[in-house]
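*Asks:* The following block contains the structure, expressed as structure tokens.
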Amino acid sequence: MNLNIDMKDIGQISIGSFAFAVPISFSEEAWRISESLPFTNLTLVFLLSVSFLALFAYESVFQGQVVHRIFVFIIRIIIAYIISAFVVALVLISIDKLPLLTEPIIAIKRLIVITMPASMGAIIVDSFDKE
């Protein structure tokens with residue numbers, strides 16, 4: 001099955017997520033919110049992120065044509081979210097705000113909170129050249 005994801009798509013997703021991740025990653029508000037956010041709200045942030053990612057991909061990237069490509073659609077969303085999270089992690093590591101070894105729970109929470117807007121940036125830039 002052809003997933004139609006090439007290096008150009010990966011580059012677009014990376015650039016889009018980087019554009020949104022950088023300003024938010026440097027925000028002390030984002031760091032503090034992620035530290036104090038309860039698990040229920042964190043789950044809601046994650047679900048909202050994936051839902052809006054799916055909605056935008058459905059309408060813009062796939063133009064509503066997913067009936068025979070549902071697997072590709074789901075994989076595209078997963079890949080976009082994972083690449084976005086990876087880009088956010090790199091940005092946070094570069095500014096020493098991803099304490100994976102010392103405070104892994106805070107690191108994961110921070111990653112989820114900042115990946116929300118980064119993933120939207122990723123899918124928006126990815127949609128510039130439709131499938």
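The values are calculated or read from the model by the stated rules, or taken from the named source; none is laboratory data. The shown structure was predicted, so the numbers you read here are calculated from the model rather than taken from an experiment. Positions of Cβ are generated from backbone atoms using ideal geometry, with glycine treated the same way; all protein chains shown enter the neighbour counts.
*Asks:* Do you know which residues across the range 54-112 are outside any helix (DSSP H, G or I) and surrounded by 13 or more Cβ atoms within 10 Å (Cβ to Cβ)?
*Replies:* Correct list: Phe62, Val66, Arg69, Lys97, Leu98, Pro99, Leu100, Glu103.
*Asks:* Suppose we keep only residues that are among the basic types (Lys, Arg) and modelled with pLDDT under 90 within the range 27-78. Which one would you say is nearest to Leu111 (Cα to Cα)?
*Replies:* So the residue we want is Arg76.
*Asks:* Can you find a residue in the range 6-23 that is in contact (Cβ under 8 Å) with a residue 40 or more places away in the chain and assigned to a loop (DSSP other than H, G, I, E, B)?
*Replies:* No, every residue in the range 6-23 fails to be in contact (Cβ under 8 Å) with a residue 40 or more places away in the chain and assigned to a loop (DSSP other than H, G, I, E, B).
*Asks:* Among (1) modelled with pLDDT of 95 or more; (2) under 10 Å from Gly16 (Cβ atoms), which single condition is Asp96 missing?
*Replies:* (2)
*Asks:* So Val50 passes all but one of these: (1) more than 13 Å from the chain's Cα centre (by Cα); (2) in a helix (DSSP H, G or I). Which condition number does it fail?
*Replies:* It fails just one condition, (1).
*Asks:* A further question on this structure: Go through the range 33-84 and count every residue that is of a type in the set (Gly, Ala, Ser) and touching a Ser or Thr at 6+ places or on another chain (Cβ under 9 Å).
*Replies:* 5
*Asks:* Quick one: count up the residues across the range 37-61 that are in contact (Cβ under 8 Å) with a residue 24 or more places away in the chain and either among the hydroxyl-bearing types (Ser, Thr, Tyr) or closer than 16 Å to Ser119 by Cβ (or both).
*Replies:* Final tally of qualifying residues: 12.
*Asks:* While we're here: For the structure I just gave you, tell me whether Glu35 is in contact with a helix residue (DSSP H, G or I) (Cβ under 6 Å, 6 or more places away or on another chain), among the charged types (D, E, K, R), assigned to a helix (DSSP H, G or I) and surrounded by fewer than 18 Cβ atoms within 10 Å (Cβ to Cβ).
*Replies:* yes
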